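The values are calculated or read from the model by the stated rules, or taken from the named source; none is laboratory data. Keep in mind the model is a prediction, meaning the values are calculated, not measured. With ideal geometry, Cβ positions are generated from the backbone for all residues, glycine too; neighbour counts draw on all protein chains shown.
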Amino acid sequence: MGLFQLWQDLHRIGTTHVGGGVDKRTGEMKYVAACEAEECGWSSGYDTYEAAMVAARGHRCPVR
C-alpha cells in the first residue's frame, strides 16, 4: 500500500509534518504531528486536524 493511500493530508510546518489517515480499528480520521529530526523523536496523535496543526506550530525541537 502506498503512502498516498495511508495519508490523505500531509503538510509541513518547520521541522514537523502533519498527516491524516483513516484509523483501521474505528474507521475514523486521525491526525499525527511528528518532528522530522532523527534525534528528537517527538510525535503525537490527534482527533482533529486543527489540534495537530496547533501542536506542530508549537513544537520547538531541542535538536535544531
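Would you be able to say whether some residue in segment 24-32 is farther than 18 Å from ARG60 by Cα and either among the hydrophobic types (A, V, I, L, M, F, W, C) or in contact with a helix residue (DSSP H, G or I) (Cβ under 8 Å, 6 or more places away or on another chain) (or both)? Checked segment 24-32: at least one residue is farther than 18 Å from ARG60 by Cα and either among the hydrophobic types (A, V, I, L, M, F, W, C) or in contact with a helix residue (DSSP H, G or I) (Cβ under 8 Å, 6 or more places away or on another chain) (or both).
Just give me the residues in segment 1-60 being among the polar types (S, T, N, Q) and modelled with pLDDT of 90 or more, in sequence order. Let's see the steps before the verdict.
Of all residues in segment 1-60, those among the polar types (S, T, N, Q) come to 5, 8, 15-16, 26, 43-44, 48.
Hits for segment 1-60 are THR16, SER43, SER44, THR48.
Of all the residues in segment 31-53, those that are out of contact with any Asp or Glu (no Cβ under 9 Å at 6 or more places or on another chain) and exposed (fewer than 13 other Cβ atoms within 10 Å of the Cβ) number 5.
Contact map, segment 38-57: residues that are of a type outside the set (Phe, Trp, Tyr) paired with residues that are part of a helix (DSSP H, G or I) and crowded, with 16+ Cβ neighbours inside 10 Å, Cβ distance under 9 Å, separation 6+ or inter-chain. Pairs shown: SER44/ALA52; SER44/ALA55; GLY45/ALA52.
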